[in-house]
Amino acid sequence: MKTFKHLFAALMLLCSVAVNAYNFEVDGIYYNITNSTDKTVSVTYKNNDYYYNPGAYSGAIVIPETVTYNGVTYNVTSIEYHAFYNCPELTSITIPNSVTSIGEYAFEYCNLDYIYVEGNNPATINSNSFYNISRTAVIVPDAAVNNYRTAAVWSDFAARIVSNAKCNVNIQQRQTHRVCLKLLDLMMLSMSLT
């Protein structure tokens with residue numbers, strides 16, 4: 001009987017622990033450890049099911065190249081499948097040079113003004129990574145515009161890829177979004193006329 005009580009108590013304790021889709025959270029961004037030996041992490045969604053992720057992220061999110069948790073520094077190397085799914089209040093995302101892959105539907109049902117990518121080499125993406133995003137400017141380093149416009153899958157967004165030099169990007173200033181969106185509108189209009 002005593003063993004049964006201990007098992008029952010252990011079971012109740014396990015049932016009371018919240019289930020999360022992430023290993024840890026730092027500064028409002030949720031991460032999964034992808035390789036503890038290499039110390040790499042991916043950005044993920046908050047809840048145990050991406051479908052129940054509404055509003056987990058909002059505003060301007062800047063993903064860092066590295067993140068420290070429990071005294072261990074990890075490199076941020078990927079954005080997972082559905083990581084930002086259904087976050088309509090997410091206005092912009094900055095993706096660091098360290099991110100080498102972006103999962104399917106990572107930004108589905110977001111209302112992004114722009115995606116700022118810091119890397120000169122395009123991350124590996126799927127045709128659905130930016131699914132259901134229209135009019136979102138993809139801002140890349142000036143020297144890398146051609147790399148992105150000709151890279152697999154990124155080339156599908158060629159008309160929306162803009163140089164950071166032309167946008168004079170400062171992620172702290174909302175005015176930058178508007179200037180970039182106007183530039184993007186003009187670029188898309190000129191492409192439709194040719």
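The values are calculated or read from the model by the stated rules, or taken from the named source; none is laboratory data. Small disclaimer: the values here were computed from a predicted structure and weren't measured. Glycine also receives a Cβ, built like all others from the backbone with ideal geometry; neighbour counts cover every protein chain displayed. In case anyone asks, the SASA skips ligands and DNA or RNA and just uses the protein heavy atoms, side chains included. Shrake-Rupley method; radii C 1.70, N 1.55, O 1.52, S 1.80 Å.
Within the full protein context, the accessible area of TYR109 is estimated at about 100 Å² for a probe radius of 1.4 Å. On the basis of the beta-carbon distance and an R0 of 35 Å, THR66 and GLU89 show a calculated FRET efficiency of 0.85. Panel values: segment 102-145, Kirkwood radius from alpha carbon pairs, Stokes-Einstein at 4 °C and 1.567 mPa s, translational diffusion coefficient 117 µm²/s.
Local charge for TYR81 was computed over the other residues whose Cβ lies under 11 Å away, with Lys and Arg +1 and Asp and Glu -1, and equals -3. Across segment 105-120, coupling constants 3J(HN,Hα) worked out from phi with the 6.51/-1.76/1.60 Karplus curve, θ = phi - 60°, read 6, 4, 10, 4, 6, 9, 10, 5, 7, 8, 10, 9, 10, 8, x, 6 Hz, and Gly and Pro carry x.
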